[in-house]
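Read the structure below first, then the notes.
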Amino acid sequence: MPNDPLNAFVPYGRTEVAGAASGPLAGLRFAVKDLFHIAGLPTGAGNPDWLRTHDVPQETAPAVQRLLDAGARVAGKTLTDELAWSLAGENAHYGTPENPKAPGRIPGGSSSGSAAAVAGGAADFAIGTDTGGSVRLPASYCGLYGLRPTHGAVPLDGSVPLAPSFDTVGWFAREAALLRRVGSVLLPPAPDLALRRLLVAEDAFAIAGIAVRAALAPALDRLRERFGSADGVTLAPEGLDQWRPVFQTLQAAEAWAAHGAWITATKPTFGPGVRDRFAAAATLDPALARAAAETRQGIRRRMDDLLGPDGLIVLPSAPGIAPLRGSSGAAVDAERGRALAILCPAGLAGLPQLSIPVARLQGCPLGLSLIGPRGGDSTLLAIAEDLFA
């Protein structure tokens, strides 16, 4: 589309929407992932058949409205992977947004357009959704700050779901201070937590490998200095590779519950990957989902017990730098699996996780993540601004 060298915005009209004349975000422009409804504008959810078979919304999603009421202006709606079910950002119908900080590499999905718009300066900040990592992973790949908040902290009304028990509203910014300002508008009031224990997720670092750990070491040292010490912990005694299928099973069950009737009736055309995941979801044994739900409760207790009221977990945001665009399906699937193993703990437990752009590896951005106690979103944002701004 014209004036969109990043291919970040939806091709059916880059429409701006004015915000309030004044407010804490006055003068700022934000991009909106095309899963959120804006009154009078179509919601396409990354798929032409979805766009064709759904009416134009008449109401604006509450999260978007809060930002408009705070004075920010919508710069446009941004590309998403189809129904948000991907971590790559390569949309078979609309193309791949550019990664301005790692040219030739994917931006990460499914909030790909939102991340590209912010990284490339087409918006001051952007909102996306994070179900399995769709804010945290693009933030790492594109050199941005990105928050997945505590599950349920920001309303998801007026948006297209994927897996409601995991779906969250997240946001990106180039500066920690702005990410925190946006949080002051979107997040419910909460007291700052006195976090005293720094916990290094050794199993997550092991998945990422030596090169990633070395690149993140200076930032990890800064955190150690702030907290005085750090304790190594194992998030998943049975292995993070055993937590990942718990997440994937529940996500598949919820995704089919949300969209199975539409898919059966419409028979939409999906790109590779997304098509395969929905096909598998259609035949998922309900008993597997019930067992996964029980296992999830234990994972949630495990994470809450590790954190307590005063713990902070640090881990890589991603298993590595952004893969090259057009990588083989096998390579994409392998990287997706490694990424989900690192990303799934916060999602399974419903905890806030903040990705911070602290390093580069092979010339590409790499993020470090902080997971805090439930409701500790504002505290994570404050730590990022104090230590890494």
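The values are calculated or read from the model by the stated rules, or taken from the named source; none is laboratory data. Every value quoted in this text rests on a predicted model; they were computed, and no experiment measured them. As a convention, Cβ positions derive from the backbone with ideal geometry for all residues, glycine included, and neighbour counts pool all protein chains shown. Heavy atoms of the whole protein, side chains included, go into the accessibility calculation; ligands, DNA and RNA do not. Shrake-Rupley method; radii C 1.70, N 1.55, O 1.52, S 1.80 Å.
Numbers at a glance
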quantity	calculated
Spin-label model distance (nm) - Ser184 vs Lys267, 7 Å beyond Cα toward Cβ	5.5 nm
More than 22 angstrom apart: percent of Cα pairs within the stretch 136-289	61 percent
Relative packing of 49-56, 153-160, which averages over residues the other C-beta atoms within 10 Å, highest first	153-160, 49-56
Backbone HN-Hα couplings from phi across the stretch 141-148 [Karplus 6.51/-1.76/1.60, Hz, Gly and Pro as x]	5, 9, x, 10, 7, x, 10, 9
FRET E, pair Ala287, Glu16, Förster distance 35 Å, beta-carbon r, rounded to 0.05	0.10
Estimated inter-spin distance, Asn3 and Ala334, nm [label 7 Å along Cα→Cβ]	4.4 nm
Euclidean distance of C-alpha centroids, the stretch 270-307 and the stretch 62-132, integer Å	25 Å
Lys267 accessible area, 1.4 Å probe, all protein chains in place, Å² to nearest 10	150 Å²
For Ser22, solvent-accessible area (1.4 Å; no DNA, RNA or ligand), Å²	80 Å²
Extended-chain gain in nm, criterion 0.36 nm per residue less alpha-carbon gap, Ala279 and Ala257	6.6 nm
For the chain, calculated [θ]222 nm from helices alone, where every DSSP H run of n ≥ 4 adds -39500 (n - 2.57)	-12500 deg cm²/dmol
Shape box of the stretch 164-239 [Cα atoms, principal axes, largest first, Å]	38, 34, 25
Contact order relative to length of the chain, as percent, for alpha carbon pairs under 8 angstrom and 6 or more apart	19 percent
In Å², nearest 10: area of Phe278 left accessible to a 1.4 Å probe	10 Å²
Cα Rg over Rh - the stretch 1-94, Kirkwood	0.98
The stretch 222-331 - percent relative contact order, Cα under 8 Å, separation 6 or more	31 percent
Arg300-Asp192 pseudo-label distance in nm [points 7 Å out on the Cα-to-Cβ vector]	3.0 nm
Largest-first principal axis extents of the Cα set of the stretch 58-143 (Å)	37, 25, 22
Whole-number Å³ per residue for the convex hull built on Cα positions in the chain	120 Å³
Accessible area, probe 1.4 Å, largest first, for residues Asp310, Asp333, Asp81	Asp333, Asp310, Asp81
